[in-house]
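As structure tokens, the structure follows; a few thoughts come after it.
The values are calculated or read from the model by the stated rules, or taken from the named source; none is laboratory data. All values reported here derive from a predicted model rather than from experimental measurement. Don't worry about glycine lacking a Cβ; one is built from the backbone with ideal geometry, like all the others, and counts go over all protein chains shown.
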Amino acid sequence: MSMIRKIITYPNPLLAKRSREVEVVDDYIRALLGDMVETMYSHDGVGLAAPQVGENIRAIVIDVSTSDPAGPTLLKMVNPEIVSREGEIEFEEGCLSVPDLRVAMKRSAKVRATYLDENGAHQEIKAEGLLAVAIQHEIDHLDGVLIVDSLSRLKRDMYLRKRKKAEEHPPAL
């Protein structure tokens, strides 16, 4: 039975750490992937990385089907790695760990990635468009990189002040 986990938000230091490889895809990893899927769906996300729910391991889940009906429905990827890149695309990205921020990011337009599925089998995927962007965004999380890191120090500080103020003065219901 999967559960919704709390999403860790910037500037939590866990988000800035490189995640460790998964040695074996076991029941614990499968349960974590299930929890990540539930958490992603409950927050209307298209992707989620294990560090975002407090697990410092290389695992991500992605489902771009609501935004891109041509894309695969649900991907559960353990130890994902981009093995080739092609072209360039600029995409306005948001992040569940960096709420209320959208950043225009330059990414590879197409990627080829390898990973282990939830059964530990080696898989390969070719992706373009939103799926390629999502794979790159989530792998960035595994490397300790966030969209906020692409901002200038001034803009990052302004964002942090805005978030702190919002936490101190939540909107009245």
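Observations, loosely collected:
- Within segment 108-119, none of the residues are among the hydrophobic types (A, V, I, L, M, F, W, C), exposed (fewer than 15 other Cβ atoms within 10 Å of the Cβ) and touching a residue at least 60 places away in the same chain (Cβ under 8 Å).
- Among (1) crowded, with 17+ Cβ neighbours inside 10 Å; (2) at pLDDT below 95 - the single one residue 79 does not satisfy: (2)
- Pairing residues of segment 148-167 that are under 11 Å from residue 98 (Cα atoms) with residues that are loosely packed, with under 12 Cβ neighbours inside 10 Å and of a type in the set (D, E, K, R), at Cβ distances under 9 Å and at least 6 apart in sequence or on separate chains, gives 159/100; 163/100.
- Flag if residue 113 is outside any strand (DSSP E or B), of a type in the set (A, V, I, L, M, F, W, C) and in contact with a strand residue (DSSP E or B) (Cβ under 8 Å, 6 or more places away or on another chain): no
- Counted residues, segment 11-69 - those being crowded, with 19+ Cβ neighbours inside 10 Å, assigned to a helix (DSSP H, G or I) and either on the phi > 0 side of the Ramachandran plot or touching a residue at least 60 places away in the same chain (Cβ under 8 Å) (or both): 6
- Subset of segment 121-143 (residues that are farther than 21 Å from residue 53 by Cβ and either without any contact (Cβ under 8 Å) to a residue 12 or more places away in the chain or not in a helix (DSSP H, G or I) (or both)): 121, 122, 123, 124, 125, 126, 127, 128
- Residues that are assigned to a loop (DSSP other than H, G, I, E, B) and either at positive phi or of a type in the set (Lys, Arg) (or both) within segment 144-159 comprise just one, 144.
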